[in-house]
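A.B. asks: Quick one: this structure, given as structure tokens, is what I'll be asking you about.
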């Protein structure tokens, strides 16, 4: 029965965390004193994705390597290019 006090302490610490209170052994970290210099890259962003066939995924992998961009940057580049083409078509009355 040596393990019971440790398990009870862990249980109580978990209960305090669940109620929004910091656990007694957990150090409180203030966001203003954080060592992080920039916010996480996904803050304020929305997910956009799709289900693609293997041949399309191979094209994406090649573009990622050639352009040295991640998936998000490739999607943004593709959308901006498509948008520019659609605006140009409207400007010339093609659409």
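The values are calculated or read from the model by the stated rules, or taken from the named source; none is laboratory data. The structure presented is a predicted model; accordingly, all values stated were derived computationally and were not measured. Reconstructed Cβ throughout: ideal geometry from the backbone, glycine too, with neighbour counts over all protein chains shown.
A.B. asks: If a residue has to be in a helix (DSSP H, G or I) and within 19 Å of residue 45 (Cβ to Cβ) to count, how many in the range 65-83 make the cut?
C.D. replies: Looking only at the range 65-83, we keep the residues that are in a helix (DSSP H, G or I), and these are 65-67, 71-83.
In the following step, the residues that additionally are within 19 Å of residue 45 (Cβ to Cβ) were identified as 71-80, 83.
Residues meeting the conditions: 11.
A.B. asks: Is it the case, given these coordinates, that residue 52 is outside any helix (DSSP H, G or I), modelled with pLDDT of 90 or more and surrounded by 11 or more Cβ atoms within 10 Å (Cβ to Cβ)?
C.D. replies: On the way: outside any helix (DSSP H, G or I): yes; modelled with pLDDT of 90 or more: yes; surrounded by 11 or more Cβ atoms within 10 Å (Cβ to Cβ): yes.
Against the criterion (outside any helix (DSSP H, G or I), modelled with pLDDT of 90 or more and surrounded by 11 or more Cβ atoms within 10 Å (Cβ to Cβ)), residue 52 qualifies.
A.B. asks: Against the condition at pLDDT below 85 and outside any helix (DSSP H, G or I), how does residue 38 come out, does it pass? Spell out the reasoning first.
C.D. replies: Values: at pLDDT below 85: yes; outside any helix (DSSP H, G or I): yes.
Yes: the conditions hold for residue 38.
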